[in-house]
Amino acid sequence: MTTEEYGNAYQRGFNLTVRFLVSRGLSYDAALDTAQAAWAKGWERRAQLRDPNLVLTWTNSIALNIHRTYLRREPQTQTLPELAAPPRLNVAAIDAKRILSSCKPNDRIVLHSHYIEGYKVQEIAEQHGWTETAVRIRLLRARRSVEKKLSKPRHAKLKNLAEKARMAIGGEFDLASRETPMAHMTV
């Protein structure tokens, strides 16, 4: 293949090589660079081309091999930029701590050993010198105690205070049943 024939093939085939590389997943800029490198390498080795009619196919295979070589040499891992992200809250740990802090010491030991550390009833009994029945009963009572404390709404204390205030004033304190001073006046 003469230099003039290769130049004409370059004019016709360069954009086709770029489109071929883009169809293989390269970005347009990378495809331009790779296609240019492939056509330059083809120019250097044009004496190896057996059939001048297959110059585009030959150059496309050179381009694909250049890209594959680049991928092999490129490091597989990329360093990620450090992002300033706040630490995530472990809501379950907060709830567990709140539950355990509201228990009696022995109940806390049993609940922590059984549910958090994963010990069986028999193992807890052996560790503390208790009977298995005592551990089962303690677990049952501790669960019921926690359930009772947590199922009570937070405003229940305010309701209790309001009830005590009503009783101290003397009976029901209902604003709707009280008459206003103007109710007796006629116009």
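A few comments on the model shown:
- Pairwise alpha-carbon distances in the stretch 3-73 exceed 16 Å for 40% of all pairs.
- The mean sequence distance of close C-alpha pairs (under 8 Å, at least 6 residues apart), as a share of the length of the stretch 3-73, puts its relative contact order at 36 percent.
- Cα centroid separation - the stretch 65-134 against the stretch 1-16, whole Å: 65 Å
- GLN36-LEU150 pseudo-label distance in nm [points 7 Å out on the Cα-to-Cβ vector]: 6.6 nm
- Pairwise label distance in nanometres, VAL22 with ALA93, each label 7 Å out on the Cα-Cβ vector: 5.1 nm
- Note: relative contact order over the stretch 1-146, using C-alpha pairs below 8 Å and six or more positions apart, is 17 percent.
- Trypsin sites (Lys or Arg not before Pro) within the stretch 13-77: DSSP coil, no more than 15 neighbouring Cβ in 10 Å: ARG24, ARG45, ARG50
- Here ARG73 and HIS112 are evaluated by their C-beta separation; at R0 = 45 Å the FRET efficiency comes out at 0.25.
Values in this text are rule-based calculations from the coordinates and carry no lab data. Please read these numbers as outputs of a predicted model, since none were measured by experiment. Here the Cβ is made from the backbone with ideal geometry for all residues, glycine too, and neighbour counts use every protein chain on show.
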